[in-house]
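Before any comments, here is the structure.
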Amino acid sequence: SQQGEEDPQALSIQEGENATMNCSYKTSINNLQWYRQNSGRGLVHLILIRSNEREKHSGRLRVTLDTSKKSSSLLITASRAADTASYFCATAARVNAGNMLTFGGGTRLMVKP
Amino acid sequence: EPEVTQTPSHQVTQMGQEVILRCVPISNHLYFYWYRQILGQKVEFLVSFYNNEISEKSEIFDDQFSVERPDGSNFTLKIRSTKLEDSAMYFCASSATGQNTEAFFGQGTRLTVV
């Protein structure tokens, strides 16, 4: 089955540093989405990258997608304590299948003030 | 900013009881979803719903589960006879279309079966 798998599982950095999280998946995708989840809360959509795109930016977020390697990365620049959360990648496999997403296990990011 | 809202935020129920989890998707969205997250585990897809019918469902979504859009705004997940292993956070989501659009999630309902 197709799965997104993030690494590292946990990341601890100082405020102001950059954080890079990686995601790998197994089968062809239509798009890949990144979400943030604060402890015990809902999933906040961060960014969607389509299979024919290689890079997208949104504020301090930069996402890359390499379909040949079946991998994606999420870079958060100039991190803040408020960025502390779990980050998940989720892949949408098929066109016309709705937005059925397969989530990875997530990266727990801690940003120390 | 439009958002998906879910009620209740917490639900405690006895094993064997029926529960209904409620969601109000974003008003102009056409696709609706339920996902669940067992504590410490991945978020798992349950079901997608479009044009008043189920469009996709996972193996988890067995006969004890059902979904309904009883009116123009609500989207519900019913669990007929709850089991201990149904304890999880249940997320509702919606998207404008089914292709290459963001799925927006609600804050979730934490279901505890005792």
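Computed from the coordinates by the stated procedures, all read-outs in this text should not be read as laboratory data. All values derive from a computational prediction rather than experimental measurement. A quick note on method: Cβ atoms are made from the backbone with ideal geometry, for glycine too, and the neighbour counts reach across all protein chains shown.
Find, among the trypsin sites (Lys or Arg not before Pro) in region B:18-114, those assigned to loop by DSSP (not H, G, I, E, B) with at most 15 other beta-carbon atoms within 10 angstrom. Before the final figure, lay out each step's value.
Working: sites: B:R22, B:R36, B:K42, B:K57, B:K78, B:R80, B:K83, B:R110; in loops: B:K42, B:R80, B:K83.
Here the sparse-neighbourhood loop sites are B:R80, B:K83.
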> Please report, for the Cα atoms of region B:3-68, the Rg to one decimal and the Dmax as a whole number; what are they, in angstrom?
Replying inline: 12.8, 36
>> Working only with C-alpha atoms, what are the Rg and Dmax values of the protein assembly as shown, expressed in angstrom?
In response: 17.4, 51
> Computed FRET efficiency, Cβ-Cβ of B:S27 and A:R60, R0 45 Å: what is it to the nearest 0.05?
Replying inline: 0.90
> With contacts defined as alpha carbon pairs under 8 Å and 6 or more residues apart, what's the relative contact order of chain B in percent?
Replying inline: 39
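Please arrange A:H45, B:H10 by how many other C-beta atoms lie within 10 Å of their C-beta, fewest to most.
Details: A:H45 16, B:H10 10.
Going from sparsest to densest Cβ surroundings: B:H10, A:H45.
Under the Kirkwood approximation applied to all pairs of distinct alpha-carbon atoms, what is the hydrodynamic radius of region B:5-113 in Å?
Numbers: mean 1/r = 0.0723 Å⁻¹.
Kirkwood radius, region B:5-113: 13.8 Å.
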> Are there GluC sites (Glu not before Pro) in region B:1-95 that DSSP marks as loop and that have at most 11 other Cβ atoms within 10 Å, and which are they?
Replying inline: B:E18, B:E59
> Pick from A:A82, A:A92, A:A19: which is most flexible by mean-square fluctuation in a GNM of chain A where alpha carbon atoms under 10 Å apart are linked?
Replying inline: A:A82
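Which ordering of B:D86, B:D62 is given by a fewest-first count of other beta-carbon atoms within 10 Å? Show your work: numbers first, answer last.
On the way: B:D86 20, B:D62 9.
Going from least to most buried by this count: B:D62, B:D86.
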>> For A:D83, B:D71, which order do you get if you count the other beta carbons within 10 Å of each Cβ and list the fewest first?
In response: B:D71, A:D83
>> Students often forget the sequence filter, so: which aspartates and glutamates lie under 17 Å Cα-Cα from B:K83 once same-chain residues fewer than 8 apart are removed?
In response: B:E18, B:E59, B:D62, B:D63
> In a shell of Cβ-Cβ distance under 10 Å around B:N52, excluding B:N52 itself, what net charge do Lys and Arg (+1) and Asp and Glu (-1) give?
Replying inline: -1
> In µm²/s, what is D for region A:5-112 at 25 °C and 0.890 mPa s, where D = kT/(6 pi eta Rh) by Stokes-Einstein and Rh is the Kirkwood radius from Cα pairs?
Replying inline: 177
> How much net charge surrounds A:R80 when only other residues with a Cβ under 12 Å from its Cβ are counted (Lys, Arg +1; Asp, Glu -1)?
Replying inline: -1
